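The values are calculated or read from the model by the stated rules, or taken from the named source; none is laboratory data. Everything numeric in this text was worked out from a predicted model, so none of it was measured. Note that each Cβ is placed from the backbone with ideal geometry, even for glycine, and that neighbours are counted across all protein chains shown. Please note that ligands, DNA and RNA were not included when accessible areas were found on the heavy atoms of the full protein model with its side chains. Shrake-Rupley method; radii C 1.70, N 1.55, O 1.52, S 1.80 Å.
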Amino acid sequence: MSGPTPVGADLHLADIDPSSTPGITKGRHEAARKRAYHGAELADLQERLYAAGMEGGKRSLLLVLQAMDTAGKGGIVRHVVGNMDPQGVHLHAFKAPTDEEQAHDFLWRIRAQLPAPGMVGVFDRSHYEDVLIARVHGLVPSEVIEQRYGQIAAFERELVASGTTIVKVMLHLSRDEQKDRLARRLDRRDKQWKYNPTDVDERARWDEYMAAYERAIRRTTEPSAPWFVVPADHKWYSRWAVQTIVIDALRGIDPQWPKVGYDIEEQKARLAAT
């Protein structure tokens, strides 16, 4: 399975074309065919992880999704995470922090939503908002932002050491494609509720956001908690790419069906006698 590879600390977002489709050469039909073919493997790996966790296993997976608005996080949740058994998935969408959350360290609310053993956790936005929006809007001093990069890296190393595999994905959308998607939302009655007038204000800060993303990724990508930058102008591509990333991560965990604590043949005989 040839899919996206992690980016390094020398990342330049400008070098990655948001409309590119690395690993897919024949367009949406190839991507759809591959996604359908590997959907069963994704479901099987996730079920094994869940079963192992229910029997005392310590491993879990955390998928972090970060992106500008309209980049397709919801589609990833529906079309990739949706292939998994929901009882083994913990999804949390982080909004603006509440008064209670602001009264604590910025990682406090993140810790409360971490996946338990056997679970796949999915963060729709995450602790990275505290070095993205916070930097762009100047919500905290720059020296605090610098400290947070180190705190995030240490926090993620702690998670990995405890048995959580972390994969972090930035859905890399172009400014022009975002404009088109926002326009389509305004044209469709069933999508207008998703439109937020502040999205236009945020577009005015596009370059600042790209710089903030680039800096955050450079400072926090590590072999144990890699970042993937997935071109997102084509939703059919980003869904295949994220599916590939998640499958590769689960293969790395290699969850096994737990051993049963009873004699199988004996139980077959007992069942047959009823």
Item to complete: Please determine, by comparing only the residues of segment 1-18 that are open to solvent by less than 50 Å² (accessible area, probe 1.4 Å) and touching a helix residue (DSSP H, G or I) at 6+ places or on another chain (Cβ under 9 Å), which one is nearest to Arg175 (Cα to Cα).
Response: Pro18
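Within segment 250-268, restricting attention to residues that are in a helix (DSSP H, G or I) and open to solvent by 10 Å² or more (accessible area, probe 1.4 Å), which residue is nearest to Ser60 (Cα to Cα)? Give the derivation first.
Restricting attention to segment 250-268, the residues satisfying the condition of being in a helix (DSSP H, G or I) are 250-253, 264-268.
Imposing the further condition that a residue be open to solvent by 10 Å² or more (accessible area, probe 1.4 Å) reduces the set to 251-253, 264-268.
Numbers: Arg251: 12, Gly252: 11, Ile253: 8, Ile264: 28, Glu265: 32, Glu266: 33, Gln267: 31, Lys268: 33 Å.
Among residues in segment 250-268 that are in a helix (DSSP H, G or I) and open to solvent by 10 Å² or more (accessible area, probe 1.4 Å), the one nearest to Ser60 (Cα to Cα) is Ile253.
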Item to complete: Determine the pairs where a residue that is touching a residue at least 40 places away in the same chain (Cβ under 8 Å), located within segment 241-268, has a partner that is open to solvent by 70 Å² or more (accessible area, probe 1.4 Å) and of a type in the set (Asp, Glu) with Cβ atoms under 7 Å apart, the partner being 6 or more residues away or on another chain.
Response: Pro258/Glu55
Worksheet item: In the list Ile166, Ile247, which residue meets the criterion of being assigned to a helix (DSSP H, G or I) and either closer than 19 Å to Gly74 by Cβ or open to solvent by less than 10 Å² (accessible area, probe 1.4 Å) (or both)?
Response: Ile247
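Working only within segment 91-112, note down all residues that are assigned to a loop (DSSP other than H, G, I, E, B) and either open to solvent by 40 Å² or more (accessible area, probe 1.4 Å) or in contact with a Pro (Cβ under 7 Å, 6 or more places away or on another chain) (or both). Explain how you work it out, then say what you get.
Filtering segment 91-112 down to residues assigned to a loop (DSSP other than H, G, I, E, B) leaves 94-98, 103-107, 112.
Listed by number, the residues that qualify are Lys95, Ala96, Pro97, Thr98, Ala103, His104, Asp105, Ala112.
Can Ile133 be described as open to solvent by less than 10 Å² (accessible area, probe 1.4 Å), of a type in the set (A, V, I, L, M, F, W, C) and either within 17 Å of Ile217 (Cβ to Cβ) or outside any loop (DSSP other than H, G, I, E, B) (or both)?
Numbers: open to solvent by less than 10 Å² (accessible area, probe 1.4 Å): no; of a type in the set (A, V, I, L, M, F, W, C): yes; either within 17 Å of Ile217 (Cβ to Cβ) or outside any loop (DSSP other than H, G, I, E, B) (or both): yes.
Against the criterion (open to solvent by less than 10 Å² (accessible area, probe 1.4 Å), of a type in the set (A, V, I, L, M, F, W, C) and either within 17 Å of Ile217 (Cβ to Cβ) or outside any loop (DSSP other than H, G, I, E, B) (or both)), Ile133 does not qualify.
Can you tell me which residue in segment 110-155 is farthest from Val89 (Cα to Cα), limited to those that are among the acidic types (Asp, Glu) and under 14 Å from the mean Cα position of the chain (by Cα)?
The first filter runs over segment 110-155 and keeps only residues among the acidic types (Asp, Glu), leaving 124, 129-130, 143, 146.
Okay, now just the ones that are also under 14 Å from the mean Cα position of the chain (by Cα), so 124, 129.
On the way: Asp124: 13, Glu129: 22 Å.
Going through the qualifying residues, I end up with Glu129.
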